[in-house]
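Asks: Pasting a structure here, questions to come.
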Ligand code: PMP
């Protein structure tokens with residue numbers, strides 16, 4: 001894959017796009033599902049034609065937003081719940097309860113799996129969570145518990161509250177079992193990406209040279225990168241990070257905080273960006289496997305992600321969420337660093353529809369860094 005590119009009707013077209021035919025399975029059967037959980041996973045991989053054409057690389061993205069509740073978190077919700085069933089902590093057919101502290105996609109995915117399996121989803125959220133998300137959770141039938149925003153060390157932090165509620169309910173009622181899903185520390189999270197997302201990527205794109213994605217719990221990057229690196233030890237693994245998160249420094253300098261920068265003074269464990277869902281200032285069990293295989297990190301600012309999101313919708317027709325836009329900026333920068341003829345795969349975690357009121361409300365800065373990087377490669381170093 002990935003040879004040179006030519007200019008055709010003003011557009012950069014990679015000659016290697018012919019090789020796309022090889023990846024098409026013309027006889028693939030449309031899915032048939034007995035229930036919604038069977039539609040989780042097996043997501044498509046799509047070529048990012050514009051970014052591939054500009055760089056002379058093959059840049060592909062896994063469309064995790066095609067999962068039934070709209071994000072990669074469907075996979076871990078199903079894995080955590082089915083693991084609890086195997087351990088007898090949840091019983092199919094009983095109105096057992098699943099608790100999680102999250103203001104993100106995991107709550108929505110847990111609620112969907114609970115609907116399908118007949119459990120009750122209880123989602124604890126900070127009371128400043130956007131009304132859009134609260135409505136979505138309610139539509140999926142979740143019980144919402146709002147708490148005041150607090151630091152993770154505080155017993156009233158939403159994660160700690162969810163854990164406590166699960167313990168209290170589980171121990172107080174003989175007839176009702178309850179689990180705390182615990183996406184940060186429950187290793188079924190990264191293991192499910194190791195068992196499903198990673199192998200799917202390898203099947204879809206065995207020539208992959210580089211895997212790029214962000215980390216929120218670390219589950220996606222740990223699972224995919226560990227699997228892919230087992231298949232190809234020369235594979236490059238890159239964490240796409242955001243300002244205020246310690247991951248970039250951890251990878252580049254071996255420490256989570258860099259006292260010469262502002263990170264140290266920020267509230268620990270909280271990443272204060274418009275981009276949602278990625279960035280970490282602590283080591284979690286689901287991040288640890290990634291740290292053993294990661295080779296590089298890219299730090300992407302909100303403005304660059306916002307600009308890239310517009311490129312993706314205008315050039316590819318892909319309306320993506322904020323962390324997906326960060327991934328695309330990082331994938332593009334890696335392509336430029338690695339040079340033509342490399343194959344890079346990244347993740348499109350969720351859709352733009354979940355990010356209208358915050359990320360897409362941001363003005364596009366036409367003079368941001370990535371705008372200039374894209375402009376310069378077009379006029380200066382396009383591979384024609
Ligand atoms: N993107 C979005 C929108 C997310 O909600 C998350 C998870 N918080 C991620 C990316 C990162 O995934 P992971 O938790 O597997 O690191």
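The values are calculated or read from the model by the stated rules, or taken from the named source; none is laboratory data. Owing to the predicted nature of the structure, the values given are computational and were not obtained by experimental measurement. Cβ atoms come from the backbone with ideal geometry, glycine included; neighbour counts cover every protein chain shown.
Asks: Is the stretch 171-188 home to any residue that is surrounded by 15 or more Cβ atoms within 10 Å (Cβ to Cβ), farther than 30 Å from residue 229 by Cα and free of Cβ contacts under 8 Å to residues at least 40 places away in the same chain?
Replies: Within the stretch 171-188, not a single residue is surrounded by 15 or more Cβ atoms within 10 Å (Cβ to Cβ), farther than 30 Å from residue 229 by Cα and free of Cβ contacts under 8 Å to residues at least 40 places away in the same chain.
Asks: Hey, another quick one. Please enumerate the residues belonging to the stretch 225-246 that are closer than 19 Å to residue 335 by Cα, in a helix (DSSP H, G or I) and touching a residue at least 40 places away in the same chain (Cβ under 8 Å).
Replies: Residues satisfying the conditions are 225, 229.
Asks: Residues to consider are 100, 85; find the one that is under 24 Å from the mean Cα position of the chain (by Cα) and outside any loop (DSSP other than H, G, I, E, B).
Replies: Within the list 100, 85, the selection yields 100.
Asks: In addition: Do any strands (runs of 3 or more DSSP E) lying entirely in the stretch 112-198 carry at least 1 residues that are farther than 30 Å from residue 359 by Cβ, modelled with pLDDT of 95 or more and more than 16 Å from the ligand (Cβ to nearest atom), and which ones are they?
Replies: On the way: elements: 120-126, 143-147, 178-180.
Those strands (runs of 3 or more DSSP E) span 120-126, 178-180.
Asks: I'm trying to understand the selection: among the residues of the stretch 35-70, which are farther than 18 Å from residue 81 by Cα and more than 18 Å from the chain's Cα centre (by Cα)?
Replies: Those that are farther than 18 Å from residue 81 by Cα and more than 18 Å from the chain's Cα centre (by Cα): 49, 50, 51, 52, 53, 54, 55, 56, 57, 58.
Asks: Right, something else. Would you check which residues across the stretch 271-320 are modelled with pLDDT of 95 or more, closer than 29 Å to residue 230 by Cβ and touching a strand residue (DSSP E or B) at 6+ places or on another chain (Cβ under 8 Å) and list them? Talk me through it step by step, then tell me what you get.
Replies: Here is the first cut: in the stretch 271-320, the residues modelled with pLDDT of 95 or more are 285-320.
Then drop every residue that is not closer than 29 Å to residue 230 by Cβ, which leaves 285-300, 320.
Correct list: 290, 293, 294, 295, 296, 297, 298, 299, 300, 320.
Asks: Hey, can you tell me all the residues within the stretch 202-216 that are touching a helix residue (DSSP H, G or I) at 6+ places or on another chain (Cβ under 6 Å) and either assigned to a loop (DSSP other than H, G, I, E, B) or more than 8 Å from the ligand (Cβ to nearest atom) (or both)?
Replies: 202, 210, 211, 212, 215
Asks: While we're on this one: Give me the pairs: first residue in the stretch 305-325 and over 15 Å from residue 215 (Cα atoms) and without any contact (Cβ under 8 Å) to a residue 40 or more places away in the chain, second residue within 15 Å of the ligand (Cβ to nearest atom) and in a loop (DSSP other than H, G, I, E, B), beta-carbon distance under 7 Å, and six or more apart or on different chains, which are they?
Replies: Close Cβ pairs satisfying both conditions: 313/319.
Asks: Could you list all residues from the stretch 325-375 that are within 12 Å of the ligand (Cβ to nearest atom) and touching a strand residue (DSSP E or B) at 6+ places or on another chain (Cβ under 7 Å)?
Replies: Those that are within 12 Å of the ligand (Cβ to nearest atom) and touching a strand residue (DSSP E or B) at 6+ places or on another chain (Cβ under 7 Å): 326, 327, 346, 347, 348, 349, 350, 351, 352.
Asks: Could you list all residues from the stretch 92-111 that are over 14 Å from residue 143 (Cβ atoms) and at pLDDT below 95?
Replies: 92, 93, 94, 103, 104, 105
Asks: Here are 318, 356: which of them is under 23 Å from residue 41 (Cβ atoms) and touching a helix residue (DSSP H, G or I) at 6+ places or on another chain (Cβ under 9 Å)?
Replies: Result: 318 is the single residue among 318, 356 that is under 23 Å from residue 41 (Cβ atoms) and touching a helix residue (DSSP H, G or I) at 6+ places or on another chain (Cβ under 9 Å).
Asks: What number of residues in the stretch 298-324 are within 14 Å of the ligand (Cβ to nearest atom) and in a strand (DSSP E or B)?
Replies: Residues flagged as within 14 Å of the ligand (Cβ to nearest atom) and in a strand (DSSP E or B) within the stretch 298-324 amount to 1.
Asks: Suppose we filter the stretch 49-72 for residues that are at negative phi, within 14 Å of the ligand (Cβ to nearest atom) and in contact (Cβ under 8 Å) with a residue 60 or more places away in the chain; how many remain?
Replies: The total comes to 8.
Asks: Tell me, yes or no, whether the stretch 350-364 has at least one residue that is within 18 Å of the chain's Cα centre (by Cα) and in a strand (DSSP E or B).
Replies: yes
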